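**Q** I have a structure I would like to understand better, so I am pasting it below and will then ask my questions one at a time.
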Amino acid sequence: MLPKKAFKTGSTAPEPPAPGVLRLISSRFCPYAHRTRLVLAAKGIDYETVNVCLKDKPEWFFAINPLAKVPTLQHDGKVVYESLVCNEYLDRVFPGRKLLPEEPLEKARIGMLQAIWDAKVSSMQESHSPFATQPNFMKVSMSKGDDQLRAFDALKEGLSIFETHLVKSGRPFFGGDQPGFFDYSIWPWFELRDLLLSDDAVKMQEDEFPKLFAWLSAMYDRPEVKTVAFDLTVFAKYVASMLAGNPDSDIGLDDRD
Ligand SMILES: N[C@@H](CCC(=O)N[C@@H](CS)C(=O)NCC(=O)O)C(=O)O
């Protein structure tokens, strides 16, 4: 039985997954790993989880993924990493509802939406880059006063592109009548938005983003979203431990885990 607690520096590597077993190397609080958990749940794929501590990474993790980042998949001797690459792999290799369109232009459109998201709304990672000039959820959450309001305006400008997309498509999800690849790729940041956009001055307002709000409630209704949902109370404790300089990846677990 694999522990829920994270493997740390100095730990012995767990045995590789048994033949036919899919393993997700993960971190409980990683939004990128959450992308992959969503796809696994949406497609009904069975898997086991190995959590790793990202502050004190186990040495053996570098031998599996030279970047030592989560999510990483292990599957019948193969290794796949990078959340979007993992999600495409899962979509192609496993049966179940197809999340990416086969039609080349339709597939290209998903890639372009992703590029707009990365550039205009962006991820946590880019926000640490000195070259990141684009707005993002993290920038809003990490700034104060006028800087925060400026970052929020820029974030809203980015989000308005996705609002307009939903208006034009007339469909409830970016994937059409059901969530698709892109819905799962951006959902983690929306699920965390109350933590990221916690100040009253930087709340998303429904009258400004009516279609995105309808999308949010349709996403919350989905069983796959419920199955893997973050516990926001525990997540808030994790953020507090991170801000205190000592991120505790096992927060909320007890000795039996
Ligand atoms: N581009 C990667 C980003 C993944 C990522 O940055 N994951 C974080 C945890 S949320 C991580 O593993 N960080 C460890 C590190 O940066 O060394 C992806 O999409 O999978």
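**Q** Which one is nearest to the ligand (Cβ to nearest atom) among residues in the range 98-111 that are exposed (fewer than 14 other Cβ atoms within 10 Å of the Cβ) and in a loop (DSSP other than H, G, I, E, B)?
**A** Lys98
**Q** Determine whether Lys57 is assigned to a loop (DSSP other than H, G, I, E, B) and either at pLDDT 95 or above or farther than 16 Å from Lys43 by Cβ (or both). Outline the logic, then answer.
**A** Values: assigned to a loop (DSSP other than H, G, I, E, B): yes; either at pLDDT 95 or above or farther than 16 Å from Lys43 by Cβ (or both): yes.
When the stated conditions are applied, Lys57 passes them.
**Q** Now a separate question. Out of the residues in the range 118-175 that are among the hydroxyl-bearing types (Ser, Thr, Tyr) and at pLDDT below 90, which is nearest to Pro31 (Cα to Cα)? First the steps, then the outcome.
**A** Quick first cut of the range 118-175, residues among the hydroxyl-bearing types (Ser, Thr, Tyr) only: 122-123, 127, 129, 133, 141, 143, 160, 164, 169.
When the remaining residues are screened for being at pLDDT below 90, the result is 122-123, 127, 129, 133, 141, 143.
Numbers: Ser122: 12, Ser123: 9, Ser127: 14, Ser129: 18, Thr133: 21, Ser141: 15, Ser143: 20 Å.
Across the range 118-175, the extreme among qualifying residues is Ser123.
**Q** Scanning the range 195-221 for residues that are assigned to a loop (DSSP other than H, G, I, E, B), among the acidic types (Asp, Glu) and free of Cβ contacts under 8 Å to residues at least 12 places away in the same chain, which turns out farthest from Met242 (Cα to Cα)? Even if it seems obvious, please write down each step before you answer.
**A** Pass one, the range 195-221, residues assigned to a loop (DSSP other than H, G, I, E, B): 197-199, 203-209, 221.
When the remaining residues are screened for being among the acidic types (Asp, Glu), the result is 199, 206-208, 221.
Subset that is free of Cβ contacts under 8 Å to residues at least 12 places away in the same chain: 206-207, 221.
Numbers: Glu206: 30, Asp207: 33, Asp221: 30 Å.
Looking at residues that are assigned to a loop (DSSP other than H, G, I, E, B), among the acidic types (Asp, Glu) and free of Cβ contacts under 8 Å to residues at least 12 places away in the same chain, I get Asp207.
**Q** Cβ-Cβ distance below 7 Å, separation of 6 or more or different chains: which pairs start in the range 45-70 with a residue that is free of Cβ contacts under 8 Å to residues at least 60 places away in the same chain and end on one that is more than 11 Å from the ligand (Cβ to nearest atom) and of a type in the set (Lys, Arg)?
**A** Cβ pairs passing all conditions: Tyr47/Arg23; Glu48/Arg23; Val50/Arg23; Asp56/Lys8; Pro58/Lys8.
**Q** Can I ask one more? For the range 46-63: of the residues being open to solvent by 30 Å² or more (accessible area, probe 1.4 Å) and touching a strand residue (DSSP E or B) at 6+ places or on another chain (Cβ under 6 Å), which is nearest to the ligand (Cβ to nearest atom)?
**A** Just the residues of the range 46-63 that are open to solvent by 30 Å² or more (accessible area, probe 1.4 Å), to begin with: 46-49, 54-57, 59-60, 62-63.
Those still in the list that are touching a strand residue (DSSP E or B) at 6+ places or on another chain (Cβ under 6 Å) too: 47-49.
Numbers: Tyr47: 16, Glu48: 19, Thr49: 14 Å.
Here the answer is Thr49.
**Q** Would it be correct to say that Leu24 is crowded, with 21+ Cβ neighbours inside 10 Å, touching a helix residue (DSSP H, G or I) at 6+ places or on another chain (Cβ under 7 Å) and more than 26 Å from Leu195 (Cα to Cα)? Don't jump to the end; show me each part of the working.
**A** Working: crowded, with 21+ Cβ neighbours inside 10 Å: yes; touching a helix residue (DSSP H, G or I) at 6+ places or on another chain (Cβ under 7 Å): yes; more than 26 Å from Leu195 (Cα to Cα): no.
No: the conditions fail for Leu24.
One line per residue, one yes/no per condition, for (1) closer than 24 Å to Ala13 by Cα; (2) in a strand (DSSP E or B):
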{"position": "Ala42", "(1), (2)": "no, no"}
{"position": "Asp46", "(1), (2)": "yes, no"}
{"position": "Thr49", "(1), (2)": "yes, yes"}
{"position": "Phe62", "(1), (2)": "yes, no"}
{"position": "Lys69", "(1), (2)": "yes, no"}
{"position": "Val79", "(1), (2)": "yes, yes"}
{"position": "Leu84", "(1), (2)": "no, no"}
{"position": "Tyr89", "(1), (2)": "no, no"}
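**Q** Additional query: Return only the number of the condition from (1) in contact (Cβ under 8 Å) with a residue 24 or more places away in the chain; (2) assigned to a loop (DSSP other than H, G, I, E, B); (3) away from the ligand (no atom under 15 Å from the Cβ) that Glu15 does not satisfy.
**A** So the condition that Glu15 fails would be (1).
**Q** For the subset of the range 205-233 comprising residues that are surrounded by 14 or more Cβ atoms within 10 Å (Cβ to Cβ) and among the β-branched types (Val, Ile, Thr), which member is farthest from Ala42 (Cα to Cα)?
**A** Across the range 205-233, the extreme among qualifying residues is Val228.
**Q** Please go through the range 64-83 and give me each residue that is at positive phi and near the ligand (Cβ under 8 Å from one of its atoms), ordered by number. Show your work before the answer.
**A** In the first step, residues of the range 64-83 are kept if they are at positive phi; the result is 68, 76-77, 82.
Answer for the range 64-83, where residues must be at positive phi and near the ligand (Cβ under 8 Å from one of its atoms): Ala68, Glu82.
**Q** Oh, and also: Going by the conditions given, is Lys168 in the same structural domain as Ile116 (by TED's automatic domain parsing) and surrounded by fewer than 14 Cβ atoms within 10 Å (Cβ to Cβ)? Show your work before the answer.
**A** Working: in the same structural domain as Ile116 (by TED's automatic domain parsing): yes; surrounded by fewer than 14 Cβ atoms within 10 Å (Cβ to Cβ): yes.
Spelling it out, Lys168 is indeed in the same structural domain as Ile116 (by TED's automatic domain parsing) and surrounded by fewer than 14 Cβ atoms within 10 Å (Cβ to Cβ).
The values are calculated or read from the model by the stated rules, or taken from the named source; none is laboratory data. The structure displayed is predicted, hence computed values, not measured ones. Cβ: placed from backbone, ideal geometry, glycine included. Neighbour counts: every protein chain shown. Only protein heavy atoms, including side chains, enter the accessible area calculation; ligands, DNA and RNA are left aside. Shrake-Rupley method; radii C 1.70, N 1.55, O 1.52, S 1.80 Å.
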